[in-house]
Amino acid sequence: MDRYGGPEVMRLCDRPLPTVGPRDVRIRVRAASLNPIDWKLRQGKAKPVLKPALPAILGCDVAGVIDEVGAEVTGWKAGDEVFARLEKDRMGALAEYVAADQAVIARRPRRGTWEEAAAVPLAGLTALQALRDVAEVQPGQRVLIHAGAGGVGTLAIQIAHRLGAWVATTTSAKNTELVTSLGADLAIDYTRDQVADRARDFDMVFETIGGASELASLALCKPGGVVVGVSGMPDAAFAKAHLPAVLRPLLWVVTGKRRRAAARLGVRYRHLFMRPDGDELAELARWVDDGSLRAVIHQTYPLTKAAEAFAELERGRARGKIIVTVGA
């Protein structure tokens, strides 16, 4: 991308091989997956937090083969098959080669395809960190996952199920069979039913939609419960860590209604800014290999049709992940 905008700002071109730093590995890309953060970066909507230098190569999730290692890299060698969610200040997965810090890579699952491996990193880490690291979900607790048929939702259902939770999810009627096959105990058709009419008193709500859904999610929690959001406005802790000081008072104002509702209901709200983590990614790979976690692929595109892949992503109707294949 040479400028910010819609899918039309992307073009296929030749670029130099990425520089390999002392702690980096260079990966020959086999597949990459798209995530909402990719089009938000392309449109410039993430500028307050992430502002890539232009021209930039998009793509945060990658699966491929190491072909070069930096001087300080340990435990990795050329020929190792890996997958990763690239560092926050580094993109570039939609290319033949990408460089990544050794701290964010893991050996790709032995089970499944390159496309399935590429589908896991960002969505899987987001779900794992929301459910286990932030909410500390325990066996027997009640969890609601919004948008269960989406890229994050399909993995979150399986992870919550593995953690021993009773899992409800919102989806459309056509995806009920899918989400129940992934481990959802209750599928709620958001086109027909109100969640509160089907279930409430949740220990945790995984809020992946943002906007008005945040306030509704707070009301679905029991006192002492937590809503973990990834799409809406961030919270004070996020602002302190990631936003310029000049923007923090504005954020305090615009999130006032949410803060007051949480206090009134005795519920916590936490915003998750997922962190790349090779150790947690290796754990997810083990779960893929033991059969307790699987990626759902909506559609696959070649790199030459990346703009079409983005257009499909931005329609917001993907069932699982959208994949871009690169090398053979």
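None of the figures in this text is laboratory data; all of them are computed from the coordinates on show. None of these values were measured; they are calculated from a predicted model. Note that each Cβ is placed from the backbone with ideal geometry, even for glycine, and that neighbours are counted across all protein chains shown.
Some observations on this one:
- Cα gyration tensor category, rounded, prolate or oblate, for the stretch 157-199 with a/c compared to 1.5: oblate
- Our helix-only sum for the chain, with -39,500 (n - 2.57) per DSSP H run of n ≥ 4 divided by its residues, gives a mean residue ellipticity at 222 nm of -8000 deg cm²/dmol.
- Two-decimal log10 I(q)/I(0) for the chain, as the Debye equation yields it once each C-alpha is a single scatterer, q = 0.08 Å⁻¹: -0.36
- Around the amide H of TYR4, modelled in the peptide plane, lies no amide H under 5 Å away from a residue 5 or more places distant or on another chain.
- For the residue pairs LYS51/LYS88; LYS88/LYS257; LYS40/LYS88, the C-alpha atoms sit more than 18 angstrom apart in LYS88/LYS257.
- Over the Cα atoms of the stretch 124-275, the radius of gyration divided by the Kirkwood radius equals 0.97; this is the Rg/Rh ratio.
- Segment ASP201-ASP14, length gained on full extension (0.36 nm per residue, minus Cα span): 61.9 nm
- Annotation: extensible slack from SER181 through LEU50 equals 43.5 nm (criterion: 0.36 nm per residue apart, minus Cα-Cα distance).
- Here the peptides 128-140, 163-175, 299-311 are ranked by packing, the mean other Cβ count within 10 Å, and the order with the highest first is 163-175, 128-140, 299-311.
- For the stretch 206-303, the dipole from Cβ point charges (+1 on Lys and Arg, -1 on Asp and Glu) about the Cα centre works out to 780 debye, to the nearest 20.
- Projected label distance in nm at VAL246 and GLN194, using a 7 Å step from Cα toward the beta-carbon: 4.4
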